[in-house]
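Here's the structure we're looking at; comments come further down.
Read-outs throughout are calculated quantities, based only on the coordinates presented, and are distinct from any laboratory measurement. What you see is a predicted model, and the numbers here were worked out from it, not measured in a lab. Every residue, glycine among them, receives a Cβ derived from its backbone with ideal geometry; neighbour counts consider all protein chains shown.
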Amino acid sequence: MAIQSKNPATEEVIKDYKELSNEELEQKIQNAKESFLSWKETSFFERSKLMHAHATYLRLHAEEMAILASIEMGKTKNAALTEIEKCAFTCDYYAENAERILSPEKLDTPAQENYASFEPLGIVFAVMPWNFPYWQVYRFAVPALMAGNVGLLKHASNVPGCAEAMEKAFLETGFPSGVFQNLFLSSSRVENVIRDSRIIAVTLTGSEKAGRSVASIAGDEIKKTVLELGGSDPFIVLDDADIEAAADSAMIGRMQNNAGQSCISAKRFIVIDSIAEKFTKAFVSRFEKLIIGDPLSSETNVGPLANEQGLLEIERQVNESVSLGAKVLYGGKRFGDKGYFYMPTILSNVAKGMPVYDEEVFGPVAPIIVVSSEEDAIRIANDTPFGLGSTIFTKDLEKAKKLAKKIEAGNVFINGFVRSDPRAPFGGIKRSGYGRELSDYGIKEFVNIKNVWIV
Ligand code: NAP
């Protein structure tokens, strides 16, 4: 895949980027290794000061960074601004909390003194996707750096401008040059980096295919990995739900991050039969109001899909599902004749065996599956190889908590759509990956938990 900025709304190529030569790559890895030796010795106070300065930088440069995301991967400028603020908030959060989370933990054993010490590992190599071009990167980098590690980023090939902007941001806020570096590399060269003995751990957010490849190479090298992969999140609406609130949340949950290109978008809507008609009507009415168009316009709710491949895949999934009996209630086709736009779409009569039921749908398509009982709702919710997020809408919170226990996923949101927050753990089970990001759990993924025992 060429490393290239191409505007998905206009199909214009903005800029081509050159891959690193082997010598340049070598210099960057060596710079990371040398920087780690001094960075790991810095105090939490010093790291926090830089991270707070970084948050300020992001807020000051939010406008230009947001435009860059819009023109490289099509998300609306408003969504990009929200994303950048979340990155800044996360910098502040870990600047204020890393020391507390990573303070040595006293252990109650027969030792004279015994504690667990949390120490940095070294160079963490991150392979990241385009859909949240900033947030995915900060989610790994902020905790990793605050713990005393250094980071190398191989970003998705369609967001090189965003990757460059982040490297510049770390440099301009005073981080030593080897603490966070961007590598312009094609995915075929990821293996060489993972196998380099100076790389200590790998984190990947992306597709199952990329995850399998990266994790097997890292496994062969006995290197720690965290994988954040795809999802097909169920959104369950029970018969006692507030239907209007559920429809609002269902629309935002499906369409979040521009045209629903999010791992934690709600992707299968499982609705109890007695309220299915009312919910469907309310849901369709939300979709009818969405404005599709130029991601840079403040009026726009839905921009283009990030690339042509994504558009073709959505088209295939919808068309095949329709040929198998799904009914288009809204949308179901491309929008306009330029750019990779697809209409927000709602499908009914959806059943197992259709791509919109069986596969991850990474675009603005909402399949509705009607069920006759709560047991059936849970069975269908879990009838997926993925286990990332899920939503249950009901007014009975005690029942919701019992059902939450039965859901096979890393996140359950009750009466709201799934979202990530630096204060809460984030991650999946099954084919959605393993390990956790964010919160106290995420920062401990890339540390040596050292047992110190004084006899
Ligand atoms: P992708 O094709 O897997 O790309 C992700 C990253 O992996 C890119 O940097 C890509 O580089 C690289 N890559 C691709 N194939 C590779 C391989 N064989 N070996 C090494 N690196 C490889 O995924 P995407 O299409 O960008 O993103 C969509 C997927 O990510 C969806 O499944 C979505 O659900 C998932 N996702 C998950 C989360 C989560 O937190 N769980 C968050 C966001 C997205 P190139 O661009 O150069 O190919």
message: Could you tell me the calculated FRET efficiency between ASP396 and SER207, based on Cβ-Cβ distance and R0 = 30 angstrom, to the nearest 0.05?
response: 0.20
statement: Sorted by chain and then number, the residues having a modelled amide H within less than 5 Å of the amide H of TYR330, at least 5 places away or on another chain, are ILE346
query: In nm, to one decimal, how far is the GLU320 label point from the GLU299 one, both placed 7 Å along Cα→Cβ?
result: 3.7 nm
task: Treating only the Cβ atoms of Lys and Arg (+1) and Asp and Glu (-1) as charged, compute the dipole magnitude of the chain about its Cα centre; round to the nearest 20 debye.
output: 360 debye
query: Tell me, Kirkwood radius of segment 233-421 from alpha-carbon pair distances, in Å?
result: 16.3 Å
query: Long-range amide H contacts for ILE369: which residues qualify at under 5 Å (H placed 1.01 Å from N, peptide plane, sequence gap of 5 or more or a different chain)?
result: PHE269, ILE270, VAL271
field: Derived scalar couplings ³J(HN,Hα) [segment 221-226; Karplus, 6.51 cos²θ - 1.76 cosθ + 1.60; whole Hz; x for Gly, Pro]
entry: 8, 6, 10, 4, 10, 10
message: How large is the Rg to Rh ratio of segment 76-203 when both quantities use alpha carbon positions and Rh follows Kirkwood?
response: 1.05
- request: Classify segment 243-324 as rounded, prolate or oblate from the Cα gyration tensor: take a ≥ b ≥ c as the square roots of its eigenvalues, call it rounded if a/c is under 1.5, otherwise prolate when a/b beats b/c and oblate if not.
  value: oblate
- line: With bins of 5 Å, the percent of all Cα-Cα pairs of segment 1-89 per bin from 0 is 3, 12, 13, 13, 13, 19, 17, 8, 2, 0
task: Pop out the ³J(HN,Hα) list for segment 56-70 in order, Karplus 6.51 cos²θ - 1.76 cosθ + 1.60 with θ = phi - 60°, rounded to Hz; leave Gly and Pro as x.
output: 4, 4, 4, 5, 5, 9, 4, 4, 5, 5, 5, 4, 4, 5, 4
- request: First select every other residue whose beta carbon is under 11 angstrom from the beta carbon of ALA165; then total the charges, Lys and Arg +1, Asp and Glu -1.
  value: -4
- prompt: How big is the C-alpha Rg of the chain next to the rule-of-thumb value 2.2 N^0.38 Å, as a ratio?
  reply: 1.00
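Taking other Cβ within 10 Å of each residue's Cβ, how do MET128, MET1 sort, fewest first? Could you put the intermediate results ahead of the total?
Details: MET128 26, MET1 11.
Result, fewest neighbours first: MET1, MET128.
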task: Starting from the Cα of LYS430, draw a straight line to each of the lysines and keep only those under 23 Å, dropping any in the same chain fewer than 8 residues away.
output: LYS209, LYS223, LYS224, LYS267, LYS352, LYS401, LYS402, LYS405, LYS406, LYS444
- prompt: In whole Hz, what ³J(HN,Hα) sequence does segment 141-155 give by Karplus (6.51, -1.76, 1.60; θ = phi - 60°), x for Gly and Pro?
  reply: 6, 4, x, 4, 5, 5, 7, x, 7, 10, x, 10, 10, 10, 8
message: Skipping prolines and chain starts, which residues have an amide H placed within reach, meaning under 5 Å, of the one on ASN349, given they are 5 or more residues away or on another chain?
response: LYS327
- prompt: Do you know the relative contact order of the chain, to the nearest whole percent, from alpha carbon pairs under 8 angstrom that are 6+ apart?
  reply: 19 percent
